[in-house]
1. Only residues that are among the hydrophobic types (A, V, I, L, M, F, W, C), in a helix (DSSP H, G or I) and free of Cβ contacts under 8 Å to residues at least 60 places away in the same chain: list them for the stretch B:191-215, please.
2. Among the residues of the stretch C:171-202, write down those that are within 14 Å of chain A (Cβ to nearest Cβ) and either surrounded by 15 or more Cβ atoms within 10 Å (Cβ to Cβ) or part of a helix (DSSP H, G or I) (or both).
3. Return the only residue of A:LEU227, A:LEU242 being touching a helix residue (DSSP H, G or I) at 6+ places or on another chain (Cβ under 9 Å), more than 27 Å from A:GLY147 (Cα to Cα) and of a type outside the set (S, T, N, Q).
4. Could you grab the pairs with beta carbons closer than 7 Å, sequence gap of 6+ or different chains, first residue in the stretch C:66-84 and within 8 Å of chain A (Cβ to nearest Cβ) and closer than 16 Å to C:ASN207 by Cα, second one surrounded by fewer than 19 Cβ atoms within 10 Å (Cβ to Cβ) and among the basic types (Lys, Arg)?
5. May I ask you to say which residue of A:GLU44, A:GLU61, A:GLU50 is among the acidic types (Asp, Glu), within 11 Å of another protein chain (Cβ to nearest Cβ) and free of Cβ contacts under 8 Å to residues at least 12 places away in the same chain?
6. Check A:ALA82 against each of (1) of a type in the set (Gly, Ala, Ser); (2) surrounded by 18 or more Cβ atoms within 10 Å (Cβ to Cβ); (3) in contact (Cβ under 8 Å) with a residue 40 or more places away in the chain and name the one condition it does not meet.
7. Filter the stretch A:271-281 for residues that are facing chain B (nearest Cβ under 10 Å) and over 30 Å from A:ILE6 (Cβ atoms) and give the result.
8. Given (1) within 11 Å of chain B (Cβ to nearest Cβ); (2) buried (at least 24 other Cβ atoms within 10 Å of the Cβ); (3) at pLDDT 85 or above, where does A:SER232 come up short, assuming only one miss?
Amino acid sequence: MIRFIIRRVLISIPVLFIIAALAFFMIKKAPGGPFAKERSAPPEILRNLEAQYGLDKPVYEQFYIYVKNALQGDLGPSFRYANWSVNDLIRSGFPVSLELGCWSLMIALLIGIPAGIIASIKPNSISDYIPMSLAMIGICLPTFVMGPLLVGVFALWLGWYNSSGWDFAYDRVLPALTLGGYYAAYVARMTRGGMLEVLSQDFIRTARAKGASSVRVIRKHALRGGLLPVISFLGPATAGLLTGSFVVETIFDIPGLGRYFVTSAFNRDYLLLMGAVMFYAILIVFMNLVVDVLQVWLNPKLRFD
Amino acid sequence: MAETLEPNLVELASLENVEKGTSLWKDAQHRLFKNKMAVFGIVVLGVLALACTVGYGIARKAGLGHEIQDLALGASAPSAKHWLGTDPLGRDVLSRVLYGGRISLMVGVVATATSLIIGVLYGAIAGFLGGKVDSILMRIVDILYALPFTIFVILLMVVFERSLLLIFIAIGAVEWLTMARIVRGQVMSLRHQEFVEAAFALGLRKRRIILRHIIPNVLGPVIVYATLTVPAVMLLEAFISFLGLGVQAPDTSWGVLIKEGADAMEEYPWLLIFPGAALALTLFSLNFLGDGLRDALDVRASKD
Amino acid sequence: MIDLRKKLAWKTFSERTLSYSRVFSPPGLFPFCLLLFAIVSCVGCGKRTTRVEIGNREQILHLANGSEPEDLDPQITTGVTEHNIISAMIEGLVAEDPVDLHPVPGMAERWDISPDGKTYTFHLRANARWSNGDPVTAQDFVRSYHRALTPELANEYKDMFFYVVNAEKFYKQEITNFAEVGFKALDERTFQVSLNHPTSYFLSLLNHHSWFPVHIPTVEKHGNLYQRGNRWTRPENYVANGPFVLSEWKVNSVIAVKKNPFYWDADQVRLKEIRFYPLERLDTEERAFRSGQIHKTYKIPPTKIDYYKANNPDLLKQAAYLGTYFYMLNTTNVALRDKRVRQALAMSIDREAIVKNVTRGGELPAFSLVPPKTAGYTSGTTIPFDIPKAKQLLADAGYPDGKGFPKIQLLYNTLESHKTIAEAIQQMWKKNLGIDITLRNEEWKVYLDSRKLGKFDLFRYGWIADYVDPNAFLDMWVSDGGNNNSGWANKEYDELIAEAGRTIDTKARFEIFQKAEALLLDEMPIMPIYFYTTSYLLRPSVKNWNLTILDHQPYKYVYLDPESGEVQSKSE
């Protein structure tokens, strides 16, 4: 296993490099620059601004400079937020997104997995339809509907929470429910699917015939195999959760990293977008590694190869 | 002696409890249609598709096009003239929902099918072949996954002219990645099963094994995920429109309608309820259909 | 019999479910997490004291301010959100009267204007200070404007200074000695400005934040004087001369300014602190307002205006805003080359219907470019809403009933309100003229790029005046105007605008503007649609808050009254 992990880490380096190169050139290709504004600035102003930031150099040279600086830990300045560097912005945004992501993940798993398991035990019965219908509703309602709905009921009508913001402990609740609820629906569906597959297998029947209680059957025998598809799904999903959700962060006014993915693309804030993308890329690579290790651990028939 | 031993074939054939031979697919079909919920799903989907095509045409003839505005009327609750109410520009919600359904259903089907085909093939090959090939293929998936979606969409929209086709491509290009990953996981666990080893022993070519033996067995979770992909695709389309990169006015889709409805949720709830209900209905039906399909295609289930 | 079976089924179901909950214990993890979550959730249960209530008591004003500012350096920024914060911290030579924004003494307690109108001599206050104790001197202004005009800084408002002798030459580096530019520090407290031509609205210009001074030694200390990203605008470094100074800056979260004890008029300032929140989404900020988190919203979602008008009219504030929303036409386009076509299009828009039914913000339909009563000027020429005449013009131009009219496209940037207006106008043209146009929305930067490259037929545009004078709207359309992408160039128009710039007498000036606007509206390179209003929600506890035409707010007069009978209602 150690060899496997080391090998994966080594491969990740060229992978990350390719991601950086592709993303960089993609961003540069998009028309419009960071300094275009509604009030047209005369060309020499734009030229001066671009010179200040080194944007007048050829693209591959800019990329080289970027990589050189990045490896030394300097991710460059933001163009849109002129007073802050990309390091500053990621440093302030990531902990927030991380916290939101953790709460959401917790909710997604705590609601989704049990719901899926319960549903899979007696398929096509009432204990199946109720959780699955709720899950479907959760999937149908995108976050930009669920969020305002929850706010409308719990914050405005009942007055229990603030409608937005991130100052108090209880400000975490509604956004985590919104984001987590959405993923919970997915997790529930996938868990049910996976469990159904496993529960129909012979070894389960054997265990039951041997007199094992249902609880024991599920815990000791079925869960391992049944959770496999969920885990495959959760790998990238977790990376996504941890780097924040644009919609939830703008609806609840949360100063996280998620917004930057979208806004920096729109603002052509190249370096901020690169920083966010690389951050996300590292997380993805890491989470995929974790998921692959977990898969082998859960399914003894697999080997690292 | 000889008479008693000779089987009377004609007699045998006429016995009623001799079952006719069937194929795997016929079996599946039979099981599917026995599943009431699945049939319900198929019917509802058919009705919706019909409503969005033919039904919209009828509404249009009756003078209720999706882009016809009535500024003086503004948003109004469901009434005799406008069965589902009107939006702030006085447009009839029913025709907008039906028209939007065309685009949403098309996007849903096409993009999901695309991501399904690419994802399943890709994942199966990676999971089956394992080793270096799998490593490289999965790294490519990682790379594509990490690239920023918004910029990708903006670029597509700009470099090629705006079209619906482009939206399908953009969405399909993103969704197949997770599908591939899931399929790969499933295939990897199947690879070591006995029937696969048997197939190898029989000397079957790898391609045949993948196509005829592996893929039908992973269809279970794949179908489940496919039924989850359709709403994701529809909502992704809504997100793209939300960012302003999607279908152009006055064209519309359920995603756009839901977004418009969410903005005005408190004042004009019907703007959200009806498109939301249409989407939910579609998804529920797809859900039941998907479950039915999975049960039907489950090779391990007994025939009755 | 049936109920018994149902009862049994339910019993077994619930038993089953309960027993399965044991499945999830890695010991107690599941119940632990639930408990943790429950605790966190319930902390908020029951009555909370809202931010607004606390703020009212402690004189802390909470304002929603649109998007996160680019920076807080007055010589680099251009937007309204930045201005709102900077104007709390820095005061220029003149300040604004809280009611109608006319220039009143600021850093300068009085000024003399020479008889030929070209020289302004400002006498600075003795007690004017920066927030680090330094006195505000004439040298501060000279050095600030030197920085503003240095090309390296890439100051987008450099044009503001070109009224001053040799300023343009210095910017273009035709002269390199700043002492030759018309800014002089006669002594510590006397600052003199020399203009190229007499400019009657010069003092109004000074209210624009590009004329604000900065504390140069601080800027120099924290980075390159002419580069962006200079750290002097960080809260721990910021030096200001106005009623407030920067105390906190959490990106995308909050920017706080607190009362500046060194301000010359600090006794007048009653607020202790102002907190600005970058709530970008209109629906989020409206909900924040309702749940008691902010005193004022930045804008209001159009769908909610009617609701507030009907239920809570005293919370809704609407005021005229000095700006015009219009469509710019590409006059080089084959279809739009003929001015009759342009006039026909303009005349067949039902502007009343748009402001009444589509935008609903109390906007006024725009039948001219310059909003009426701008500094006392009202345009004599107006665009009629005349469908028969429009049809006639279109026919004369060769497209009777719209037959044969080439397909043109209306380009707007992504925003719901632009979309609905565009859709409405699209339908109006179809119905009234038989012309079918396509709509295209582009993402912001692509939209700006398209404008720059002239890749459009019709282009949605808007312009807010930088200062209160008709010139702010009219001088955009000269042949080489940086914002004039219509391809329309008219020498007569250029000459009229230049002449107006040289005229001292207001009446004569306005007459020239009348001629210019009449010419503009006849040629119609732009089609005005409506005049802006600002609409926002404001808590009754905020006192001395005036609705001004540029939506500028001199914060030094504002205060909070906790006894204003606010109802903390849960659903308003």
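1. Hits for the stretch B:191-215 are B:PHE195, B:VAL196, B:ALA198, B:ALA199, B:PHE200, B:ALA201, B:LEU211.
2. Of everything in the stretch C:171-202, just one residue is within 14 Å of chain A (Cβ to nearest Cβ) and either surrounded by 15 or more Cβ atoms within 10 Å (Cβ to Cβ) or part of a helix (DSSP H, G or I) (or both), namely C:TYR171.
3. Checking each option against the conditions leaves just A:LEU227.
4. Between residues of the stretch C:66-84 that are within 8 Å of chain A (Cβ to nearest Cβ) and closer than 16 Å to C:ASN207 by Cα and residues that are surrounded by fewer than 19 Cβ atoms within 10 Å (Cβ to Cβ) and among the basic types (Lys, Arg), the close pairs are C:THR78/A:LYS37; C:THR78/A:ARG39.
5. It is A:GLU44.
6. If we test A:ALA82 against (1) of a type in the set (Gly, Ala, Ser); (2) surrounded by 18 or more Cβ atoms within 10 Å (Cβ to Cβ); (3) in contact (Cβ under 8 Å) with a residue 40 or more places away in the chain, just (3) comes out false.
7. A:LEU273
8. (3)
The values are calculated or read from the model by the stated rules, or taken from the named source; none is laboratory data. Computed from a prediction, not measured in an experiment: that's the story for all the values here. All Cβ positions, glycine included, derive from the backbone under ideal geometry; neighbour counts span all protein chains shown.
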